[in-house]
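Written out below as structure tokens is the structure these notes cover.
Here, each number is a calculation from the coordinates, and none is a lab measurement. Because the structure is a prediction, the values reported are computed rather than measured. As a convention, Cβ positions derive from the backbone with ideal geometry for all residues, glycine included, and neighbour counts pool all protein chains shown.
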Amino acid sequence: MDVRFLCDRNLGKLAKWLRILGYDTLWDRRDTDQGFLRKAGREGRIALTRKRNLGGGGSGRLIVVRADRIEGQIGEILEALAMKPDPKDRMTLCLRCNAMLEAVTKEEVEGAVPDHVYQNNTYFRKCPICGRIYWPGTHARNVEEFLKMRIPTRPL
């Protein structure tokens, strides 16, 4: 299921977490209005908003997110769309740009990451747009712990 999202200005944290889960998610910081809905429709994205009075007007799907905290928001979206994120898709998108990360060699990141990161890691990925470099450090472990408590695992 190729699900893509467009989050409104009030859902920046949700946009980040949907990217962590591997979902193509844009975050629109402009006013949430009919233009927002039209953009979602044109791009085949599900519009996510906190704005309860935003009526139709777009050709796509709209979900009004009611939960205040990120834990509830993630659960709300997954339940509304009957989605079970695949763990292999996690941490594959740039959290800043939403671009697909590309594997790079350790030598390519020498001098671009802290020395202790370079010495203790062998696997790195880089955003082809913003150049941000990612590696499986404590952040990745913390993300997995957070998700383990909030997202059901995919049945075997």
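Remarks
- Neighbour counts of other Cβ atoms within 10 Å put His139, His116 in the fewest-to-most order His116, His139.
- Note on Ala82/Arg4: beta-carbon distance plugged into 1/(1 + (r/R0)^6) with R0 of 22 Å gives a FRET efficiency of 0.85.
- Given charges at Cβ of Lys, Arg, Asp, Glu: the range 102-150 dipole, positive-most of Ile129, Val143, Thr105: Val143
- Going from the fewest other Cβ atoms within 10 Å to the most, the residues Trp17, Trp27 appear in the order Trp27, Trp17.
- The distance between label points at Asp89 and Asp68 comes to 3.0 nm (points 7 Å beyond Cα on the Cα→Cβ vector).
- Within the shell of other residues whose beta carbon sits under 15 angstrom from the beta carbon of Arg50, the net charge comes to +2, with Lys and Arg scored +1 and Asp and Glu -1.
- Computed FRET value (nearest 0.05) for Glu107 with Phe146, which takes r as the C-beta separation and R₀ as 35 Å: 0.60
- The chain - convex hull of the alpha-carbon atoms, volume per residue in Å³: 128
- FRET efficiency, 1/(1 + (r/R0)^6) with R0 30 Å, evaluated for Lys13 and Asn120 via beta carbons: 0.55
- Its residue count N fixes a reference of 2.2 N^0.38 Å for the range 102-150, and the Cα radius of gyration divided by that reference is 1.26.
- Taking max minus min of the alpha-carbon positions on each principal axis, the range 70-156 gives extents of 44, 26, 25 Å, largest first.
- Panel order for Phe124, Phe146, by other beta carbons found within 10 Å of each beta carbon, from fewest to most: Phe146, Phe124.
- GNM result for the chain, Cα springs below 10 Å: residue of Asp89, Asp115, Asp31 fluctuating most strongly: Asp115
- Pairwise Cα inverse-distance average, inverted: Kirkwood Rh of the range 4-83 (Å): 12.3
- Assuming charge only on the beta carbon of Lys and Arg (+1) and of Asp and Glu (-1), the dipole of the chain about its Cα centre is about 560 debye to the nearest 20.
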